[in-house]
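A.B. asks: What follows is a structure written as structure tokens; I'll ask about it next.
The values are calculated or read from the model by the stated rules, or taken from the named source; none is laboratory data. In this text, all values refer to a predicted model and were calculated from it rather than measured experimentally. Here the Cβ positions follow ideal geometry from the backbone for every residue, glycine too, while neighbour counts run over all protein chains shown.
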């Protein structure tokens, strides 16, 4: 108990109507202590410099020139196609990073001391590097005159350069590598908490190692899988840098269209509407996901570092 | 978990590890190429691209601008964020959900949406294209990371230590500076580091808020990536990666040393 | 019991120690509730300067809350705490000048032991040289010379405890509060530190308020003990007072081992308590009046195991002994014999179903082997208390020493 607690005494209530009485009682019972005031500067800052722009964007989308912006989105075929490409890419990236990330997380669990440190380092490093730097590295690799193509040509395996960039393939590869840490951390966090004695116990009861793994370990790791997949999917939907650099200008992802509408078309109303749509989809998915998955696992990595 | 992993797993993990690291490694090698194309393997080795970067005033100016903005962001975000974390963990107030939403949002909203929104409003406020506009934007993006880190430290903090300090004669303010703050320093430092990286690496929002006078390093990179064909970018990418590694190792070492005292 | 020798020697010490001038602590009518539950219920206590008083009771009985009210961490809803006549109501903790040792020591992990001990002096803006001197003095007092530069993480549990003690005393407060400080230590270390605490408190002549749930510990350390039960003080007195003359069943049960025989005070003669088995037990009228019991009231007779005697029954027609001092001479069956080295414990089931324990010093009598026995005790050796439980008078209870002693046995 800190001595900073200010206890608000129950006031003498005048005889107001029943509802009024309940409201006054509720307010009086609310205890706000000194510590809570420290929240104000930070929250106010975020509200002014972050939320106001978002609110303004919603306002703009409905008034510049009007809600017709949303109609434009719904009716124009381009947007539907872009949405489809975005969702498809996000799904591919999620699946790919899951396939690559699950064994990696499992290895992190099984590895001891130095090896685990190395694995963790390999995952943390890209996570901390700027997305732009990593995407640039992929452009170097995937270009027509890039590393992969020149090596393959030198080895005589191909005669013409493979189109690895400016298409969905390049975007998927790049995004998978960049978002892989985000898949690994929640899975690792959940795997860590699985009792190490469970697999030997299952085998002692007669299960073959592979069976034990599938029937015992995998189900227990599912919360991490859900959390990681949710995170990667949602982030992929809104991803900008990598699709912009590695993707094709004609078959692009949603965030790129939003930027294009604002910067090239200079249509703030429509751009805002598209932004709002992306925002709403993101929030809805996260909300649904939070009902299924403990979001603590999603941000679980911060307790590991 | 006491049996050796099977060969398939090891192979898979090695491949994934390569997948994670290869692009960066290749870029590092390329940065020392003596030729002016991105041919791999490079014909010869030289540091000319590093020199070219350092000589270019465009690049060095942007590094300086990025540094100024990042440091300002760190100071502002760490201050506001630490206070907010204290309020969040120890405060009693109605509407916890609302506050949590406010705090978490900058981490969750897609960057392009933030960029567009800020652009439209900051233009109207005369903040677009100014350094302080950038600082405001970066700070609001960084505060949540500071809060998460400091709150984690606070939750592991033994309140009895504060009671003991008060009992021994320290008033609330002296208790905070002599006992609480030193012991949550690891969390504050981690938060400050996150804040720095958030600002230093920020591309999208910064591009929208930039002007010819105010361009951060990522903004210049963003333009250069699509136009440049020589390995200058590779040199820059390598330097940035090395910086990240150094910061990461430094942070881990500081944390381990701090742990030993507890 | 070894505690009686402890008390004797400390009585001798007390006569030669100087009389303390300050540290008169007074609690009066303290009340505190959480969620409509009275956690501290009208607690009043007067401490003389230099006195060592323990707050003893089971967990949740309000002793720690009371302590924290005195320290200023919790605001009481009613009641007043005064120190040397000064009313502490509204005075924040950092202005109270009361020393406190916490259960988990609460040593500042980022400061050395010396810095911890010097902290209160630094808060009072003492000059550095004076602080250094006092810190050295305190380290000597707790036998930790030379360890001042260590961090708490580098010290053992016992050493940390001593640093905590030194820190609480370095600014020479008049009163020291201790909240179960020895709970985390093993038995040998606990006993060694108990002696240290006694020595230091006498040497400094400081008033101590000590919270514990270990009644053996409170008997060793205290001048007086306040027994807490559900937020109220049931009885205050010296260890001897509480052990020999408990005023309630709770106190009789909590302090030391006791045999409890439940029954009803005879209507016609207040000196008789009739047990369920029909047997009558003699009690002194003075004992009944002391606890305000009159004819017909439910009562419990409390006899300490070492005050009971047991002998083999001489066959079926062995009548009761005619010793006029005896309160009762009851037949029973020997159920168990436990050899404890210095004494033997006999568990006997009486005719009415009650189970009693008798402790006999080794070497004073022949060990019993037969199953038919008789148990007796002197009228002066037993105590009568009110029986508040609603269980039928036939059930007897044997309670054992609480944590720190041996295991519980028998039925409750």
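A.B. asks: Within the group A:147, A:120, A:95, A:151, which residue is without any contact (Cβ under 8 Å) to a residue 12 or more places away in the chain, surrounded by fewer than 22 Cβ atoms within 10 Å (Cβ to Cβ) and within 13 Å of chain B (Cβ to nearest Cβ)?
C.D. replies: Exactly one residue qualifies, and that residue is A:151.
A.B. asks: Next up: Checking residue B:30 against (1) within 7 Å of another protein chain (Cβ to nearest Cβ); (2) more than 30 Å from residue B:151 (Cβ to Cβ); (3) assigned to a loop (DSSP other than H, G, I, E, B), only one condition comes out false. Which one?
C.D. replies: So the condition that residue B:30 fails would be (3).
A.B. asks: Can you tell me which residues in the range C:221-233 are touching a helix residue (DSSP H, G or I) at 6+ places or on another chain (Cβ under 7 Å) and surrounded by 22 or more Cβ atoms within 10 Å (Cβ to Cβ)?
C.D. replies: Of everything in the range C:221-233, those that are touching a helix residue (DSSP H, G or I) at 6+ places or on another chain (Cβ under 7 Å) and surrounded by 22 or more Cβ atoms within 10 Å (Cβ to Cβ) turn out to be C:221, C:222, C:225, C:227, C:228.
A.B. asks: Check C:50, C:72, C:85 and return the single one that is on the phi > 0 side of the Ramachandran plot, in contact with a strand residue (DSSP E or B) (Cβ under 9 Å, 6 or more places away or on another chain) and surrounded by fewer than 18 Cβ atoms within 10 Å (Cβ to Cβ).
C.D. replies: C:85
A.B. asks: Continuing with this model, one more query. Taking residue B:24, is it surrounded by fewer than 14 Cβ atoms within 10 Å (Cβ to Cβ), out of contact with any strand residue (DSSP E or B) (no Cβ under 6 Å at 6 or more places or on another chain) and part of a helix (DSSP H, G or I)?
C.D. replies: No: the conditions fail for residue B:24.
A.B. asks: Now a separate question. Scan the range B:34-42 and tell me whether some residue there is assigned to a helix (DSSP H, G or I), more than 10 Å from chain A (Cβ to nearest Cβ) and either at pLDDT below 90 or buried (at least 18 other Cβ atoms within 10 Å of the Cβ) (or both).
C.D. replies: Within the range B:34-42, none of the residues are assigned to a helix (DSSP H, G or I), more than 10 Å from chain A (Cβ to nearest Cβ) and either at pLDDT below 90 or buried (at least 18 other Cβ atoms within 10 Å of the Cβ) (or both).
A.B. asks: If you scan the range B:210-228, which residues turn out to be at the interface with chain A (Cβ under 9 Å from one of its Cβ atoms) and loosely packed, with under 13 Cβ neighbours inside 10 Å?
C.D. replies: B:226
A.B. asks: If I ask for residues that are in contact with a helix residue (DSSP H, G or I) (Cβ under 8 Å, 6 or more places away or on another chain) and part of a loop (DSSP other than H, G, I, E, B), which ones from the range C:147-171 would you list?
C.D. replies: C:147, C:148, C:149, C:150, C:151, C:155, C:170, C:171
A.B. asks: Here's another thing I want to ask about it. Based on this model, can you work out whether residue C:274 counts as touching a strand residue (DSSP E or B) at 6+ places or on another chain (Cβ under 6 Å), without any contact (Cβ under 8 Å) to a residue 24 or more places away in the chain and within 30 Å of residue C:326 (Cα to Cα)?
C.D. replies: So residue C:274 fits the description; yes.
A.B. asks: Another one. So which residues in the range A:35-50 are more than 7 Å from chain B (Cβ to nearest Cβ) and more than 8 Å from residue B:87 (Cβ to Cβ)?
C.D. replies: A:44, A:48, listed by residue number.
A.B. asks: Working only within the range C:109-152, note down all residues that are at the interface with chain B (Cβ under 9 Å from one of its Cβ atoms), within 33 Å of the chain's Cα centre (by Cα) and surrounded by fewer than 21 Cβ atoms within 10 Å (Cβ to Cβ).
C.D. replies: Across the range C:109-152, the qualifying residue is only C:109.
A.B. asks: So is residue A:244 in contact (Cβ under 8 Å) with a residue 12 or more places away in the chain and either touching a strand residue (DSSP E or B) at 6+ places or on another chain (Cβ under 6 Å) or under 16 Å from residue A:69 (Cα atoms) (or both) or not?
C.D. replies: Against the criterion (in contact (Cβ under 8 Å) with a residue 12 or more places away in the chain and either touching a strand residue (DSSP E or B) at 6+ places or on another chain (Cβ under 6 Å) or under 16 Å from residue A:69 (Cα atoms) (or both)), residue A:244 does not qualify.
A.B. asks: Out of the residues in the range B:181-196 that are buried (at least 22 other Cβ atoms within 10 Å of the Cβ) and within 13 Å of chain A (Cβ to nearest Cβ), which is farthest from residue A:255 (Cα to Cα)?
C.D. replies: B:187
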